[in-house]
Amino acid sequence: RAPPSSNLQTIALRSSFRRLVVVLVLTFLSTMSATSATSSSVKVLKKQLRSNMRKVLRRIPKDDLLKQSSQVAQKLFKSKEYSNSKALCVFISMPSGEIDTTPILQQIFKDGKKCFVPRCISKTEMIMLEAKSMTDIQRFPLSKWKIPEPPENDGRANALDCEELDLIIVPGIAFDSKMRRCGQGAGYYDRFFSKLRDVRQKVLPAVNNSSQYTNNTFHIALARARARARVCVCVCVVQKDLKMPNLLGIGLPCQFVEEASSLNNKHIILCPL
């Protein structure tokens with residue numbers, strides 16, 4: 001005896017539903033695989049960029065590096081972001097292969113501004129602690145990278161607690177004209193910005209649950225780079241409601257790079273000029 005038509009309809013619906021589920025699962029797995037492959041290729045390209053850029057930086061003669069660093073510092077001092085600042089975070093340079101921030105630090109103390117410098121407290125986290133003077137910095141113990149770092153437990157002020165903090169000078173291995181920065185790869189500054197954002201949100205009015213806060217990103221934009229004589233000073237524009245400090249990324253002229261799309265045009269990587 002033939003099954004009732006209602007049963008046939010039920011069986012047909014179940015079969016269609018199963019086919020739909022199979023198609024959705026296969027589509028999801030295919031998408032995940034493509035995304036994973038793309039993400040992997042971007043990581044490889046960024047790793048290659050970092051390696052190439054470090055080689056370029058190591059080849060710069062010391063005298064040239066100091067001269068270029070001084071030019072970048074002078075451009076920084078003329079910026080309204082620096083002129084209007086009261087308290088800054090600035091990195092202390094590595095012994096070689098990086099822009100020299102010594103003239104920037106000297107000027108900060110000369111201008112009577114508050115200065116906070118990095119201390120790495122783990123393989124993934126850093127804090128910014130106050131430096132009082134160049135003499136103070138010269139007394140700091142050296143990190144494994146031979147960079148002076150402030151002592152952690154001697155009562156120094158933490159930048160996260162400084163409401164006056166209005167400018168952060170950020171290092172990078174490369175910058176482009178699309179408001180992007182490629183860091184050294186450890187993510188120290190990304191995590192620091194995230195912590196700072198959380199702290200700043202807590203002192204805002206009761207609009208903290210607005211989506212504008214969760215969607216905010218902290219890209220760094222190259223400011224007025226000239227084709228022949230690029231001076232790599234970068235200015236970040238952030239939402240004023242966040243009350244975040246200005247972010248200034250600095251580097252040598254050779255660290256200005258062009259942008260290039262990855263294979264599927266969904267991700268952007270940076271390529272040396």
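The values are calculated or read from the model by the stated rules, or taken from the named source; none is laboratory data. Keep in mind that this is a model prediction, so the values were computed, not measured. Every residue, glycine as well, gets a Cβ built from its backbone with ideal geometry; the counts of neighbours run over all protein chains shown. Calculation scope for accessible area: heavy atoms of the full protein, side chains included, ligands and nucleic acids excluded. Shrake-Rupley method; radii C 1.70, N 1.55, O 1.52, S 1.80 Å.
Quick notes on this structure:
- From the C-alpha gyration tensor of the stretch 38-113, square roots of 5λ in Å: 29, 17, 10
- Here's the picture: a label point sits 7 Å out from the Cα of Lys110 along the beta-carbon direction, and within the stretch 141-173 nothing has its amide nitrogen under 16 Å of it.
- Other-chain or far-sequence residues with amide H under 5 Å of Asn246's (modelled H): Leu167, Ile168
- Of the chymotrypsin sites (Phe, Trp or Tyr not before Pro) found in the stretch 107-168, those in coil by DSSP whose Cβ has at most 16 other Cβ atoms within 10 Å are Trp145.
- Taking all protein chains into account, the per residue accessible area for the stretch 36-152 stands at 55 Å² (1.4 Å probe).
- Between Ile121 and Gln74, the modelled labels are 4.0 nm apart [label points 7 Å from Cα along Cα→Cβ].
- In this structure, the pairs whose alpha-carbon distance is over 30 Å, taken from Lys80/Lys132; Lys78/Lys202; Lys47/Lys113, are Lys78/Lys202; Lys47/Lys113.
- Using the Stokes-Einstein relation with a Kirkwood hydrodynamic radius computed over Cα pairs, the translational diffusion coefficient of the stretch 89-152 at 20 °C and a viscosity of 1.002 mPa s comes to 178 µm²/s.
- Computed in the context of the full set of protein chains, the accessible area of the stretch 51-142 at 1.4 Å probe radius has 48% of its extent on carbon or sulfur.
- Between amide H atoms placed 1.01 Å from N, distances below 5 Å from Ile99 occur with Leu252, all of them 5 or more places distant or on a separate chain.
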